[in-house]
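So the structure is just underneath, and the comments pick up after that.
The values are calculated or read from the model by the stated rules, or taken from the named source; none is laboratory data. All figures in this text were calculated on a predicted structure; none of them were measured in a lab. Don't worry about glycine lacking a Cβ; one is built from the backbone with ideal geometry, like all the others, and counts go over all protein chains shown. With ligands, DNA and RNA removed, areas are computed over all heavy atoms of the protein, side chains included. Shrake-Rupley method; radii C 1.70, N 1.55, O 1.52, S 1.80 Å.
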Amino acid sequence: MTESTYDPYADEQRVEQPKPKGRIFTPFGAVIALAAVLMVAVVAWGIYQNEQTQPESGPAPDFDLPLLGAEGNFKLTDYRGEVVVINFWGSWCVPCRVEAPMLQQMWEDYQDQGVVFVGIAVKDIERDSLAYIDELGITYPNVMDKGGQTEKDYRTQGVPETFVVGKDGEVVKFFFAQPRESDLRAAIEEALNA
Amino acid sequence: MKKLLKVALISVFLLSFAPAVVAQMSGEELPPGVTADDVYRISNKMYCEVCAGVPLSDCPSVTCRAWRQEIARLLGEGYSDSDIKSYFAENYGSAVTGVPLKTEDRNIGLGLPALLIVLAGVVIGGRLLLLYQRGESRALQAARAAGLRSDYDRPVPDNVDADALERFMRLVEERK
Amino acid sequence: MLADIGIAALFLAFVAAALGTFLALYGIFTRSSAAIQSARNAFMISLPMITGVAAVLIYAQMTGEYQIAYVSHVSKDAQPDLLKFTALWGGQAGSLILWTWMLNLFLVAALLLNWKSEHQLMPWVMVFAGVTLAFFLVLNNFYENPFSRYWALENGNVKEAVLKPDGAVPAYPYQTSQGETFHVVKDGFIQGMPGARYDGRGLNPLLRHPGMVIHPPMLYLGFTGFIIPFAFAMAALATGELGAGWIRSTRRWSLVAWMFLSLGLILGGRWAYDVLGWGGYWGWDPVENSSLLPWLTGTAFLHSVMIQERRGMLKGWNMAMIMLTYLLVLFGTVATRTGLLSSVHTFAQSPLSIPMGIFLALTTLVCVGMFIWRGSQGKFQNDHALEGLLSRESLFLFNNWVFLALTVVVFWGTWSELITGFARDAGLMRRTITFGPEYYEMITPWLFGILFILMGVAPLAAWRRASAQKLGRSVRVPIVLTTILSVILLVMGIGALTTLAVGLVAFAGFATLVEFYKGVSARHQAHRENWLVAFSRLFARNRRRYSGYTIHLGVVVIGIGIIGSTAFQEVRQMTLSPGDTLDIGPYTLQYNRLFEAKAVDSRDMMIAEVTLYRDGRKVDDLRPRQDFFDPRQNPMTIAGQHSTIENDVYALLTFWENDRVTLRVYRNPLVNFVWWGGLILIIGTVVAVWPDPEPETVRKVQTMRRSAYAPAGD
């Protein structure tokens, strides 16, 4: 008799189960199904986002941020037709200080050829940023990443990171950490000649 | 290969950071009239992305130290706690506070779970009522109508261990 | 050579698991009991294979086979032996092996224990648990192989690969203060660098704590343990046998998993308290939340399942709850292992994302699909009607609602950033929403408060129909005791909200203690047993009920600890010169000096020497310190702790300059209750799941046969 499993409600099973109504989704079931599909979609989206890295081609995400030490904003799409070099930095970041003079020099070399440099200070305290700009003698425009969204749009992993954006607003080149001077120059030339 | 290169670059990157990263927590210069307890009170309820899961007050990174220093400075200038929080939220995104400060975000953020809870309550309450009114299975109803023995009237024992009862019933089954 | 054995065993384990799953399916559809039997054998074989894999990996960690990348990431020569061993779960690849091993262990345990009693369900249990096992073995073999090794290629580059590339020779890491380099080794030394020993990077310093030795395995046992209840539930859905069978086995297995999960949560809290250095034990961090979520739904299930056991109601509900529990385990695992939810604990971005995402999606959709399919067939119909709106059943349902509400709150808090990010990309929202601890602290205490009321009342209510009068009479004593306590607290000047919180927790405690007293005194009078004998017999006769009460008592004690350490916590910080003092509550801390030291495992320590006085009398010496393991990483802040029943004094060294230090000192009243309550809870659960000794069963049956339950004519 070992094969018979005990069922305390065995009596009921001797009676035919009546046919149920032919409804597939009860409200309860529908809610569960919807929630499940939604969560699967969210996870899929999240995994896709996670797999993405800094844009190395395609349109550069736009931003419209307040200038540091000056009135007004810097809006990326206002500079269509010019090459834009975007540099993410922070006053607390040591490598940023190291590369800053090179960027300044590069800007001085190219500012008359339709190249715009813009620095974006991330997670920074405004007065620290201003002191940094002053100390290093940076004269190209710098903005605050107010709200922290631009940093996310460019999926930066830290600072410094540099993007070269072509005249058509497409990313031409991305530099992780400090770019070598010759590499940055080559990228700018490439963008200018495109 | 590209990934490997990236990993290598990241470690170089981190290395170049080394002297800066090993800064210690707090040690901010406090303006007159501001105590470390004041800074802690605010920074303990704020968060920075650098230290996920740890409040700003306990994050050892340089960025966070600068933030705490700024809190101390703003306190010295007479800003209130909530002014400072909204100032940071404005500048660094709403994630710096534990609960979003913007009314719209608050309404969505707190309203949605509330709505879901009420919905769950309706579902559960509905099932309870349904069970109360017509919970008896049609099979059982049929069985009772046919005069078959049913365990419906079996008392629900509460003073007997359920496991023991179960084993006992199994024994009875086997004896049949 | 060693790694090759591991690679082979790991692959064979995968073959066995895949074969077992296939044979089980084949056996089901061809009704071949031979195939089913072979499937069972396959899973019996895969277990020793994975055990072998783990053994090889541990051996490699202990003996320093640093050619294996995983070993070099979690072990090094100077690491203590215990930590070389536990390094198995110090990184992604190794902890996944542990995970798989536990999955297989649970499956084998279920095969051995339930093979006969649930023989109708077992083939399907093998299918569902087997698919999961095989999937994790795919990850182990092809995505995160722990035996991936470093190779020096002919062109001079170093490559990481599982199998030896053509013409490559083994390469070993060499650690310098600048990072690591890879070299070819001869006779144990690096070629071209006489006397230079190769070495591993060693375990992440945060994980070098006794709590980390057993916290992850317990948590993993909790997580993987839910595979068995889940597989039983799926088997019940597949066979359509939704009666009492699957519930019977599922309840016990759920309790086992729940116990490990609880233990994992408590140990995790202890680890955070000792190591993370912020004076708390629970930070509402995504990883912590991901382990709390299945605990919440699991607890709800353990309550609602009783309704089905006793009354044959809520079949669909229970099924949904156990599935939800397992899916939350899976969602949490995927989210934390692939870095979807950012957190201190997260493993770095990994190649697991896509396979794990696909597996998660498939499992979720199959689960929900089968549930809806069976539901549409009317398989979840109740056997009985609810007879009274006030009854044990309805109170348990209310309990389920509150647990579900907590689940919603915690889930939304944890996942909101991702969900609102998704919504923002879809154009439904303007900004993403993220939550920190305040969000949970704002909402959850109220819900937990309701649970404590239910904890006091529900066990006193009768099944089927409870009379309000009778129920009122049985809660009279606890209510009187609670009122007295609350008045005392208010007179002592404690705030109204805190008094309310303490009152709710105390009410549950009093109600439970009164139940114990009633049971014991009834035996004491009826059987003339002395109190101790009466107490132990009470347990023996009605183990399930009283072990449940013990668990409730544990939760009450934890509740007291949580209220004490949050509502009455004090924090002070000050910058001190030698000889300066800091007052906190009845304590005074005097800072004496700051000194540097080097520990055995070569970490540098900066230690502040502090003397602790209470009411002017010296009670302890504290040594808050910071540990520096590696210039590339942040230092670890280790607290100086002084622990008594009443208070924990928890001192952190946060900053120093010359001989001036900044100390942050916490006074955490009653925090030890959290750990003790945890211990009581675990003891209660062990008693509840402990298998019955046979003689007792016989005796019980005899007792019952004499009682009114004996069927006539037997």
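Taking the longest Cα principal axis of chain A as reference, the axis of helix A:126-136 is set at about 40 degrees.
From the residues C:S521, C:V661, C:G240, which one has its Cα farthest along the dipole of the protein assembly as shown in the positive direction, the dipole being from +1 and -1 charges on Cβ of Lys/Arg and Asp/Glu about the Cα centre? Comparing the listed Cα positions along the dipole, C:S521 ranks first.
Think of chain C as having a plus end and a minus end, set by charges on the Cβ of Lys, Arg, Asp and Glu; of C:P229, C:V131, C:F260, C:P229 sits farthest toward the positive end of this dipole. Carbon-plus-sulfur accessible fraction, region A:94-194 (probe radius 1.4 Å, protein heavy atoms only): 45%.
A simple spin-label model places the labels of C:V619 and C:V487 3.2 nm from each other, with each point 7 Å out along Cα-to-Cβ.
Charging the Cβ of each Asp and Glu at -1 and of each Lys and Arg at +1, and nothing else, the dipole of region C:362-465 about its Cα centre rounds to 240 debye. Modelled spin-label separation between C:T181 and A:E126, with each label point placed 7 Å from Cα along the Cα-to-Cβ direction: 4.9 nm.
With the whole protein complex present, B:D83 retains an accessible surface near 70 Å², based on a 1.4 Å probe. Of the residues making up region C:247-269, those losing 30 Å² or more of accessible area when the isolated chain is joined by the remaining protein chains, with a 1.4 Å probe, are C:R248. In a reduced charge model with +1 at each Lys and Arg Cβ and -1 at each Asp and Glu Cβ, the protein assembly as shown shows a dipole moment near 5640 debye about its Cα centre. When accessible surface is computed with a 1.4 Å probe, chains C and B are found to bury approximately 7100 Å² between them, both chains counted. Ratio of Rg to Rh for chain C: 1.00 [Cα atoms; Kirkwood radius as inverse mean 1/r over pairs]. Going from the isolated chain to the complete set of protein chains, region C:636-685 loses at least 40 Å² of heavy-atom accessible area (1.4 Å probe) at C:T654, C:F655, C:R664. Counting only protein heavy atoms and a probe of 1.4 Å, the accessible surface of region C:1-146 is 70% carbon and sulfur. Solvent exposure of region C:1-146, expressed per residue, is 36 Å² of accessible area, with all protein chains present and a 1.4 angstrom probe.
Where the only charges are on Cβ atoms (+1 Lys, Arg; -1 Asp, Glu), what is the dipole of chain C about its Cα centre, to the nearest 20 debye? Display every interim value, and only then the final one.
Numbers: 56 positive and 46 negative charges, 571 e Å.
The dipole of chain C has a size of about 2740 debye.
Short-range pairs are left out: with C-alpha atoms under 8 Å and at least six residues apart, the relative contact order of region A:64-193 is 32 percent.
Mind pulling up the Rg/Rh value for the protein assembly as shown? Radius of gyration and Kirkwood radius, both on Cα.
Details: Rg = 31.9 Å, Rh = 32.3 Å.
That ratio equals 0.99.
Any idea which of A:V43, A:V122, A:G158 is furthest toward the positive side of the dipole for chain A, if Lys and Arg beta-carbons carry +1 and Asp and Glu beta-carbons -1? Comparing the listed Cα positions along the dipole, A:V43 ranks first. Restricting the calculation to alpha carbons of region C:1-146 gives Rg and Dmax of 16.7, 57 angstrom. Modelled this way, with points 7 Å down the Cα-to-C-beta line, the labels at C:A78 and A:A194 are 4.9 nm from one another.
Using the Cβ-Cβ distance between C:L500 and C:W676 with R0 set to 30 Å, the FRET efficiency from 1/(1 + (r/R0)^6) comes to roughly 0.80. Per residue, the convex hull around the alpha carbon atoms of region C:381-438 comes to 142 Å³. Under the criterion of Cα pairs below 8 Å and six or more residues apart, the relative contact order for region C:398-526 equals 23 percent. Normalising the average separation of contacting C-alpha pairs (under 8 angstrom, six or more residues apart) by the number of residues puts the relative contact order of chain C at 9 percent. In units of the rule-of-thumb radius 2.2 N^0.38 Å, region C:66-208 shows an alpha carbon radius of gyration of 1.38. Find the Rg to Rh ratio for region C:513-579, where Rh is the Kirkwood radius over alpha-carbon pairs and Rg uses the same atoms. Reported Rg/Rh, Kirkwood definition of Rh: 1.40. The alpha carbon convex hull volume per residue for region C:334-473 rounds to 180 Å³.
In plain terms, the bigger the Kirkwood radius, the slower the diffusion; for region C:570-669, with that radius from Cα pairs, at 20 °C and 1.002 mPa s, Stokes-Einstein puts D at 156 µm²/s. Gyration tensor over the Cα atoms of region A:64-193: the corresponding equivalent ellipsoid has semi-axes (square roots of 5 times the eigenvalues, largest first) of 21, 16, 15 Å. Return the subset of A:K152/C:K159; A:K123/B:K102; C:K470/C:K518; B:K45/C:K618; A:K123/C:K159 for which the Cα-Cα distance in this structure is over 25 Å, preserving the input order. Correct reply: A:K152/C:K159; B:K45/C:K618; A:K123/C:K159.
Cysteine residues of the protein assembly as shown whose Cβ has no partner cysteine Cβ closer than 4.7 Å: B:C48, C:C367. With the whole protein complex present, C:H119 retains an accessible surface near 70 Å², based on a 1.4 Å probe.
Show me you know the interface measure: the accessible area buried between B and A, both chains summed, probe 1.4 Å, in Å² to the nearest 100. Chain pair B/A: roughly 3300 Å² of buried accessible area. When accessible surface is computed with a 1.4 Å probe, chains C and A are found to bury approximately 2900 Å² between them, both chains counted. Any idea what diffusion coefficient region C:74-154 gets from Stokes-Einstein, in µm²/s, Kirkwood Rh on alpha carbon pairs, 37 °C, 0.692 mPa s? Result for D is 219 µm²/s.
Per residue, the solvent-accessible area of region C:570-669 (1.4 Å probe, heavy atoms of protein chains only, all protein chains present) comes to 44 Å². The Cα-based radius of gyration and maximum Cα-Cα distance (Dmax) for region C:396-535 are 21.5, 74 Å.
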